[in-house]
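The values are calculated or read from the model by the stated rules, or taken from the named source; none is laboratory data. Fair warning: this is a prediction, and the values are worked out from it, not measured in the lab. We place every Cβ from the backbone using ideal geometry, glycine too, and count neighbours over all the protein chains shown. All accessible areas refer to the heavy atoms of the entire protein, side chains included, with ligands and DNA or RNA removed. Shrake-Rupley method; radii C 1.70, N 1.55, O 1.52, S 1.80 Å.
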Amino acid sequence: AEASTAPVPSLARAADVVRDVRAAGLDVELDVVGETRELPRALDLSAYRILQEALTNVLRHAPGSTARVRLEYTRDGVDITVRDDGRAAGDTAAGPDGVGGHGLVGMRERARMFGGTLAAGRVDGGFEVHAHLPVAGVPA
C-alpha cells in the first residue's frame, strides 16, 4: 500500500483549518495564546477534530457570520474556543434548548476521553463551543 502524503491532523495545523474555512466563505480569525507545544498524539488529534467540527458547525448553521477561534496553551493543557457572532440569523448548531446537536455529542466524547470538558451554547446572540483538554496522565 502506498503511504499517504496528506499532512497528519494536528492542532499545530490550526492555521490551515482556518484558511480552509475562510476559503469556504466564513470570516474567521485565529488567536493563539501561550507557548505552543507538542501535545500527546491522541489528544492532539482530538483537539484538531474538535476545532474542525466546531468550525464546520459555524459554516453549516451560521453561514455569513463571523467566527473567532482562540487556542490557549496552558500549563495543564489546551483550551479551544470557537464563537460565532450570530449575525447570520438562521439555524444554530444547538437544538431548542441551546445545547443539542450530533456534532456536539462527538466533540464532548472526544474531550471526555482525556478527562476534559466541552461546553456549548448561545452567547451574546451567537454560539460558542469551549473545550478544555488536560495533558496530565495522557500518554505521549
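Descriptive notes on the structure:
- Residues of segment 50-76 that turn out to be closer than 21 Å to E38 by Cβ, in contact with a strand residue (DSSP E or B) (Cβ under 6 Å, 6 or more places away or on another chain) and modelled with pLDDT of 95 or more, as a count: 6
- Scanning segment 28-49 for residues that are modelled with pLDDT under 95 and closer than 15 Å to V82 by Cα yields no hits at all.
- Filter result for T92 (at pLDDT 90 or above, polar (S, T, N, Q) and in contact with a strand residue (DSSP E or B) (Cβ under 9 Å, 6 or more places away or on another chain)): no
- Of residues in segment 71-88 being surrounded by fewer than 16 Cβ atoms within 10 Å (Cβ to Cβ) and more than 17 Å from V138 (Cα to Cα), the one farthest from the chain's Cα centre (by Cα): R87
- Top-ranked residue in segment 46-57 [being closer than 17 Å to A15 by Cβ and of a type outside the set (K, R); ranked as farthest from the chain's Cα centre (by Cα)]: T56
- For segment 114-140, filtering for residues that are over 18 Å from V69 (Cα atoms), modelled with pLDDT of 95 or more and either open to solvent by 70 Å² or more (accessible area, probe 1.4 Å) or small (G, A, S) (or both) leaves 2.
- When residues of segment 34-51 are limited to those that are more than 11 Å from L71 (Cβ to Cβ) and not aliphatic (A, V, I, L, M), the one surrounded by the most Cβ atoms within 10 Å (Cβ to Cβ): S46
- Search result, residues across segment 57-68 that are more than 10 Å from E128 (Cα to Cα) and aliphatic (A, V, I, L, M): L59, A62
- Residue that is surrounded by the fewest Cβ atoms within 10 Å (Cβ to Cβ) [pool: residues in segment 16-27 that are farther than 26 Å from P134 by Cβ and touching a helix residue (DSSP H, G or I) at 6+ places or on another chain (Cβ under 8 Å)]: G25
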